[in-house]
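Let me begin by presenting the structure, written as structure tokens, before commenting on it.
The values are calculated or read from the model by the stated rules, or taken from the named source; none is laboratory data. A quick note: this is a predicted structure, and the numbers were derived from the prediction, not measured. Note: ideal-geometry Cβ built from the backbone for every residue, glycine included; neighbour counts use all protein chains shown.
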Amino acid sequence: MIAFENLEVRYPGAAAPALKGLSLALEEGIVGLLGPNGAGKSTLLKTLLGLLEPAGGSGTVLGVALGSPAAARLRGRIGYMPEYDALIEDATAYEQVAFWGELSGLAPEAARDRAHEVLYFVGLDEARYRAVSGYSTGMRQRVKLAQALVHSPELVFLDEPTNGLDPDGRRRMLDLVLKVHAELGTGVILASHLLGDVERVADQLVIMDQGRITASGSMAGLRKALSRRVELRFLDPLDEAQAAGLAELGELFEARNGTYDLELKEADPLAPFRWAQARGAVLVQATPRHDRLDEVLLRALHPEKA
Amino acid sequence: MPIYAPSLPPKPDLTLGRRPAVVLAAFDLRRVLRQKMGRFFGFVFTVMLLWRLGYVYLNYFKGQNATIGKMMDAAAPLLAQGAEWHADMLGGWLTYLLWFLVALIGGGLVARDTLYRVRPLIYAHPVKPTDYWLAKLGLTALVPFAILAPFALLPWLLSVGLTGLHGVMWASTPLRLVPAALIIALLMGSVASGASSLASTPRAGVAWVLGISLGLEALSGLLYGILDHGAWRALSPMSLAAEWPRLLCGAQGGAYGWGPALIGTAAHLVFWTLVLRARTRPSEAVL
């Protein structure tokens, strides 16, 4: 879907590049793009949309080389849902979705038909003839999603799609994101600072910081790679010498009633059993503690603090 | 109750659409028509057009009826003909009102996109910067041209219809007034869309257009008064809009000649188009 090698992007007049030597290959699916403000997420989206030309490196989006003359036409194959409102307040949802469809290259009649269909798809069938100035936040987000989907893009960029939504609206929007991929077969790149959103829908994760990719991979693989926390339960509490010897295995976080929470030095699940056998302790259970995504993010961004 | 497919149908053809500049201009035109300014301005411009058509018909009527013709000889100054009269087809209150209308329409055209932050989303589609500024400039110029064109053509058509090519209107009138209408429309369009790109809200856009037009009119008048040289009047786009019909019709007593008019018009067109281009670049589009 997307691949780039040593991608470097520099804003005119800026001393340092905004994106520094990014290399990544993303497969079809829902990709979560995480990172703090200024990490380079928007710059990456701009570059992928062909609005910024790479200063170095190379890349392809949907098979089209970045910076090539065909990159402008590529935007017709991509849908973009911006973070901010970007709605034409004095127009109805139907009018503006049809307009965005035409701007993507649809014939006027096809754009009107698609506007009806896509607004129905996002659940705005009854309200589509009302001016969007009277819409709730959730409805506005759905109009933005509809305009991103009206031309049946192969890939859609969703920038903070759950911004300002209540828990129910959030759930519905994330369901829609899943539906977009499952029913329409559209690739999704979801940029969000809400870790729970990404955790729920994404099957690939890219974590960015200061213009670099600090971690990337499948959600499950990333967790596995970064997770070395285990909870060890011994038959009897360890004696002082044995407890002190746990330092050989890794860093001890908590000890309670024969249960020890520690981070292993090596991601080897058999290491605690070998250690227990050598020390004469009876290890009855070693449970990997699946890190929450915020812990994964924290590790990727600040390995020293994590 | 329409029946919809459970999910979206197969991918539509994206090669059948209109040019992005046309799509943008057509959508803006629908928004302009929704502003409901048409009734007032439509009435005023129609009255003005009927007044001019009445002149043409009265001249014809005078020639047809000897009795009334004698009576109307007394009113000859009122029924003045010649270059001045031809130039006035596009002059006087018509252009002043048109400046006001263009300020109301064009002032908000770019500023509205800025206010609603629509421009970044436009550039996230297969739209080039040229498409964007051409659409805005084109529509802002199209409105005054669509209003001026009947003033340039209908009196001439009436005259030709009544008395042939030797009537009260010159045979060459369209060749003089249509280019004048085009230049005026481009001048108004470039000033209005350029000024609109400087504003962050439609109201501020209207204020910018009126401020620039009236401000330069006052400044040019001041410089003309102090330095006693007519060329300074070419600083004002309002003055230029009034000058072009006179120049093209060969009327005497214009404020200045061809040189200042050409330089002033070219300077305004280039400057305001560059402002519009610079203020609506994709790099300004913060996603």
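Inspect all residues belonging to the range A:159-176 and state whether any of them is assigned to a strand (DSSP E or B), under 16 Å from the mean Cα position of the chain (by Cα) and within 14 Å of another protein chain (Cβ to nearest Cβ). Full working, then the answer.
Of all residues in the range A:159-176, those assigned to a strand (DSSP E or B) come to A:159.
Subset that is under 16 Å from the mean Cα position of the chain (by Cα): A:159.
Subset that is within 14 Å of another protein chain (Cβ to nearest Cβ): A:159.
Taking every residue of the range A:159-176 in turn, at least one turns out to be assigned to a strand (DSSP E or B), under 16 Å from the mean Cα position of the chain (by Cα) and within 14 Å of another protein chain (Cβ to nearest Cβ).
On the basis of being farther than 18 Å from A:W100 by Cβ and either under 21 Å from the mean Cα position of the chain (by Cα) or modelled with pLDDT of 90 or more (or both), does B:L142 make the cut?
On the way: farther than 18 Å from A:W100 by Cβ: yes; either under 21 Å from the mean Cα position of the chain (by Cα) or modelled with pLDDT of 90 or more (or both): yes.
Yes; evaluated as a whole, the condition is true for this residue.
Residue-wise test of (1) within 14 Å of chain A (Cβ to nearest Cβ); (2) surrounded by 11 or more Cβ atoms within 10 Å (Cβ to Cβ); (3) within 21 Å of B:L104 (Cα to Cα).
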residue: B:L29; (1), (2), (3): yes, yes, yes
residue: B:G42; (1), (2), (3): no, yes, yes
residue: B:V47; (1), (2), (3): no, no, yes
residue: B:R52; (1), (2), (3): no, yes, no
residue: B:Y55; (1), (2), (3): no, yes, no
residue: B:L58; (1), (2), (3): no, yes, no
residue: B:K62; (1), (2), (3): no, yes, no
residue: B:A66; (1), (2), (3): no, no, no
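Yes/no matrix, rows are residues, columns are (1) in contact with a strand residue (DSSP E or B) (Cβ under 9 Å, 6 or more places away or on another chain); (2) of a type in the set (S, T, Y); (3) at pLDDT below 80:
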site: A:V230; (1), (2), (3): yes, no, no
site: A:A243; (1), (2), (3): yes, no, no
site: A:E248; (1), (2), (3): no, no, no
site: A:T259; (1), (2), (3): yes, yes, no
site: A:W275; (1), (2), (3): yes, no, no
site: A:K305; (1), (2), (3): no, no, yes
Give the range B:119-176 a look and list any residue that's free of Cβ contacts under 8 Å to residues at least 24 places away in the same chain, of a type in the set (G, A, S) and not in a loop (DSSP other than H, G, I, E, B), or say none.
B:A146, B:G161, B:G164
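Residues are listed down the side, and each one gets a yes or a no for (1) within 14 Å of chain A (Cβ to nearest Cβ); (2) surrounded by 14 or more Cβ atoms within 10 Å (Cβ to Cβ); (3) aromatic (F, W, Y); (4) within 18 Å of the chain's Cα centre (by Cα):
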position: B:G205; (1), (2), (3), (4): no, yes, no, yes
position: B:G225; (1), (2), (3), (4): no, no, no, no
position: B:D228; (1), (2), (3), (4): no, no, no, no
position: B:P237; (1), (2), (3), (4): no, yes, no, yes
position: B:W258; (1), (2), (3), (4): no, no, yes, no
position: B:V270; (1), (2), (3), (4): no, no, no, yes
I'd like to know if the range B:172-182 contains one or more residues that are at pLDDT below 95 and touching a Gly at 6+ places or on another chain (Cβ under 9 Å).
yes
Residues that are more than 30 Å from B:Y123 (Cα to Cα), within 18 Å of the chain's Cα centre (by Cα) and at pLDDT 85 or above: does the range B:48-60 have at least one?
yes
Result of the Cβ filter at 8 Å on the range B:21-35, keeping first residues that are part of a helix (DSSP H, G or I) and partners that are surrounded by fewer than 12 Cβ atoms within 10 Å (Cβ to Cβ), at least 6 apart or interchain, is B:A21/B:T130
Hits in the range B:104-139 - residues which are modelled with pLDDT of 95 or more, under 14 Å from the mean Cα position of the chain (by Cα) and buried (at least 22 other Cβ atoms within 10 Å of the Cβ)
B:K136, B:L137, B:L139
Selected residue [in contact (Cβ under 8 Å) with a residue 40 or more places away in the chain, surrounded by 24 or more Cβ atoms within 10 Å (Cβ to Cβ) and either out of contact with any helix residue (DSSP H, G or I) (no Cβ under 8 Å at 6 or more places or on another chain) or assigned to a helix (DSSP H, G or I) (or both)] from A:V118, A:V143:
A:V143
In the range B:12-27, how many are surrounded by fewer than 21 Cβ atoms within 10 Å (Cβ to Cβ), within 7 Å of chain A (Cβ to nearest Cβ) and under 15 Å from A:A72 (Cβ atoms)?
2
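Which of the following residues is in contact (Cβ under 8 Å) with a residue 60 or more places away in the chain and of a type outside the set (V, I, T): B:L240, B:L248?
Values: B:L240 fails: in contact (Cβ under 8 Å) with a residue 60 or more places away in the chain.
None of the other options fit; the residue is B:L248.
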Yes or no: B:S196 under 26 Å from B:L134 (Cβ atoms) and either acidic (D, E) or outside any helix (DSSP H, G or I) (or both)?
no
Restricting attention to the range A:197-213, which residues are under 13 Å from A:K41 (Cα atoms) and either of a type in the set (V, I, T) or surrounded by 20 or more Cβ atoms within 10 Å (Cβ to Cβ) (or both)?
A:L205, A:V206, A:I207, A:M208, A:G211, A:I213
